[in-house]
Amino acid sequence: MKAILLEDEPTLAREISSFLLSREIECDTAFDGELFLRMLKNNAYDIYLLDINVPKLNGLDVCKRIRETNSLTPILMLTAYGDIQDKTDAFSFGADDYLVKPFHFEELYLRIQSLLRRSAQTPPSDDLLVIEDLEINKTTMEVHRNQERIDLTPKEYQLLLLLASAKGRTLTKQSIAEQIWDIHFDTNLNTIEVYINFLRKKIDKNYEVKLIHTRPGFGYFLKPANS
């Protein structure tokens with residue numbers, strides 16, 4: 001088992017690395033974000049441990065960069081920042097867990113073991129939903145089209161995932177409203193139309209093959225136009 005630690009405090013970095021080695025986990029260390037990313041290009045790791053406040057490229061930016069190309073390797077944030085907004089930012093960038101300093105090394109080990117077990121139990125095919133050149137990662141909640149990241153609001157993401165999971169079946173406005181907004185109503189369904197338009201601008205506007213379609217009088221479906 002091999003980990004990589006982003007930590008700019010040398011003493012703490014040595015202590016963490018030594019402790020993990022005693023638990024049969026090798027641990028490489030990078031003292032700034034740019035070095036960390038360079039090390040990833042030449043080595044494979046089972047888990048990433050990221051401090052936030054480090055030189056050159058902070059841990060949140062590193063987390064975001066990782067998730068642009070790697071949606072599976074677990075990321076554990078180790079940081080003195082414990083505010084809810086800091087945690088929200090970390091999770092929105094794709095972190096899997098968050099441990100606030102100071103922490104007991106045994107707890108660090110337990111968190112690592114938990115993340116590694118979870119990672120091993122979830123096959124990649126269950127995480128990734130692919131339609132044409134559209135990729136939806138259900139674990140990190142990231143969306144890419146033609147390898148370009150598309151930023152969605154939570155409701156836009158939920159709507160896109162619902163349409164994609166239907167595998168080409170048409171979903172009525174009523175069905176979408178009940179599943180996404182958890183409401184039952186017969187009027188004012190124009191909210192659905194508004195969000196469909198939001199999605200089309202982000203998912204289809206800049207691409208030749210359109211994926212989101214309207215079936216007049218019935219609802220909406222998602223699949224390549226020529227399939």
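The values are calculated or read from the model by the stated rules, or taken from the named source; none is laboratory data. Keep in mind that what you see is a predicted model, and the values were worked out from it rather than measured. Please note: Cβ atoms are built from the backbone with ideal geometry, for glycine as well, and neighbour counts cover all protein chains shown.
Note on the stretch 73-82: residues that are modelled with pLDDT under 80 and touching an Asp or Glu at 6+ places or on another chain (Cβ under 7 Å) total 0.
Output the qualifying pairs, or none if there are none: Cβ atoms under 9 angstrom, residues six or more apart or on different chains, first residue in the stretch 140-153 and closer than 14 Å to Ile66 by Cα and touching a residue at least 12 places away in the same chain (Cβ under 8 Å), second residue among the aliphatic types (A, V, I, L, M) and surrounded by fewer than 17 Cβ atoms within 10 Å (Cβ to Cβ). Short answer, once both residue conditions are applied: Thr140/Leu72. Residues in the stretch 14-71 that are part of a loop (DSSP other than H, G, I, E, B) and among the aliphatic types (A, V, I, L, M): Ile25, Ala44, Ile52, Val54, Leu57. Scanning the stretch 30-87 for residues that are surrounded by fewer than 20 Cβ atoms within 10 Å (Cβ to Cβ) and polar (S, T, N, Q) gives Asn42, Asn43, Asn53, Asn58, Thr69, Asn70, Ser71, Thr73, Gln85.
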